[in-house]
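*Asks:* Here it is, the structure, as structure tokens.
Please treat every number below as a calculation from the coordinates, not as lab data. Keep in mind the model is a prediction, meaning the values are calculated, not measured. Counting neighbours? That spans all protein chains shown, and the Cβs are built from the backbone with ideal geometry, glycine included.
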Amino acid sequence: MRTNRMLLAAAAAVTAFALTGCGGGGGDGAGKIPTAGDGTSSTGTGKATKGSGDAGGKDEVAAYVEAKRAYVKCLRENHIDAPDPDANGQVDLGDAGALKKNPDFIKASEKCGPLNPPVPAEIERRLAPKLTPEQIKTQFAYADCMQKNGAPDFPDPEPDGNVYGDVQWDSTTAAAKQAARTCAPLIGDPVEQGPGKG
């Protein structure tokens, strides 16, 4: 599941850039158009579970923040000066590039990684950028295009144009790959080219 979330996060970054251009998308999160899956089909319609702001969502957030505190405690015990998580469980560890070169951080990450919880849908909602009506329309048009062109399990966005939660759809079929090529221009992605020569 974490791999799928990482793939979606990468896809979200591309999408946010395509939709917002050089102006920032706002917030720390990014609206997601899922463009990669883990090879498993989603169940049902692919829509994320609703219910933000209910008691369950608050409990989920509290549990997430507590888990992030345990993760930070582990990092500190392994020689990484990590700050406390904020109210949304976000931990600012600074320059990611420098951390990747820090052998202490690499060791701490290996040891503490299992304590780092997946981001719950309610936190994704809180951190998601507010999309313009045009961007929301693009998100829905892209999902509709994917569903009509070979990826029927591609998830619909929520009314705010974002996709939340552990979204899965089968991106491995020839039809799904063709759908991605067909629909890519809608979000400003270059159409996938064949292997280059040379």
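*Asks:* Would you please give the residues with an amide H less than 5 Å from that of Thr173, counting only those at least 5 places away or on a separate chain, with H modeled from the backbone geometry?
*Replies:* none
*Asks:* On a straight-distance basis, which aspartates and glutamates could pair with Lys148 in a cross-link, Cα separation under 16 angstrom, same-chain partners fewer than 8 positions away excluded?
*Replies:* Qualifying aspartates and glutamates at Cα under 16 Å: Asp156, Asp170.
*Asks:* Would you please put 177-183, 160-166, 111-117 in order of how densely packed they are, using the mean number of other Cβ atoms within 10 angstrom per residue and starting with the highest?
*Replies:* Descending packing order for the listed peptides: 160-166, 177-183, 111-117.
*Asks:* Okay, moving on. Step through the residues of the stretch 70-79 one at a time and calculate ³J(HN,Hα) from phi using the Karplus curve (6.51 cos²θ - 1.76 cosθ + 1.60, θ = phi - 60°), rounding each to whole Hz and writing x for Gly and Pro.
*Replies:* Computed from phi, the couplings for the stretch 70-79 are 5, 4, 4, 4, 5, 4, 5, 5, 10, 6 Hz.
*Asks:* Go through 127-133, 80-86, 98-104 and give me the packing order, highest mean Cβ count within 10 Å leading. Intermediate results must be reported in sequence, preceding the final value.
*Replies:* Numbers: 127-133: 16.6, 80-86: 14.4, 98-104: 11.1.
Result, highest mean Cβ count within 10 Å first: 127-133, 80-86, 98-104.
*Asks:* Continuing with the same structure: When the Kirkwood radius is taken over all Cα pairs of the stretch 55-124, what Stokes-Einstein diffusion coefficient follows at 25 °C and 0.890 mPa s, in µm²/s?
*Replies:* In µm²/s, the coefficient rounds to 195.
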